[in-house]
Amino acid sequence: MNIEIKNILASWESSLPRYGKIDNWNFSENLSLLGRYLRANKDENKNIHYLIKYIRDTVITKDFNTENILNAIHKVMKLEEENTKSTSICFLVKRNKGRVVLNGQEVRFKSETQKLFTEKLKFKNGELLRNFDIETESCSDSRKVRRIVEKRMSQAYHKMNRHEEGYKTTNNERYWMKRATAFQLHNIGQKEKVRNVTRGLSIHWKKQYDPLTHEIVFKKKMAYRNEAAALKAIEEWKRKYPKQRREMAAYQCSDCGKWHIGHKANLLAHPMLNAMIPHLQECC
């Protein structure tokens, strides 16, 4: 049972004993929400479904019995509480410091990610889709990849959520589709066969194990639009990893022009590099 239905029943539960009637200003809207919920959730708990249907059909009568409606609302709330407790034991298995950790987009879109990584679509110079980095390529090529990924992720999101209550009736759906597309665009774009290759002084890539190709690859770092967003990400990183003592810094990437974050590296502290500095200055 979603939060809208709970709010409607809770408001009726409080107004009936106090005033002996239900507010008329949003009565028709609440009835429409109840009817939409009953049509969309026929396969859920039959007792809750029957009681909500009984409440809806009773409140539209001329002289309804207030006690019967209140008893039905109490039963619905009690059944919903028991149902929530039983489902939470089954599904909420991952916790961090007492807080429930829900599945992220990496888990939810795992199958779609695997499909994109096995795509044989090739772009300029025979580059595969999973190796295409839209941050460093031309605009025309990036638009092609963005359209492909956006279509695939929109289809995947639609298959996941088309049976849910209120789907396509709120603006949240557009927001979450954009989030899913942005996640996948960040996920693709990697350099492979780099197990024995050093990253050097590159500030755009990080070396990481890829579970889909089972190889060590260069993954692009998370990009931020400006310095303020990067500094905010550093604060979030510090709250998430309070035991890490190495200092973090924000910097602008020379490859993509955006901002990344990373650990500060004191390269000039090494005695060999200090000895090389005068020779480098003479060469320059």
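The values are calculated or read from the model by the stated rules, or taken from the named source; none is laboratory data. Fair warning: this is a prediction, and the values are worked out from it, not measured in the lab. Positions of Cβ are backbone-derived with ideal geometry, glycine not excepted, and every protein chain shown enters the neighbour counts.
Kindly establish whether T170 is among the hydroxyl-bearing types (S, T, Y) and at pLDDT 70 or above. Criteria not met by T170.
Number of residues in the stretch 37-77 that are surrounded by 15 or more Cβ atoms within 10 Å (Cβ to Cβ), in a helix (DSSP H, G or I) and in contact with a Ser or Thr (Cβ under 9 Å, 6 or more places away or on another chain): the value is 2. Within the stretch 90-111, none of the residues are modelled with pLDDT of 80 or more, loosely packed, with under 13 Cβ neighbours inside 10 Å and acidic (D, E). Residues in the stretch 178-237 that are loosely packed, with under 14 Cβ neighbours inside 10 Å, assigned to a helix (DSSP H, G or I) and in contact (Cβ under 8 Å) with a residue 24 or more places away in the chain: 3 in all.
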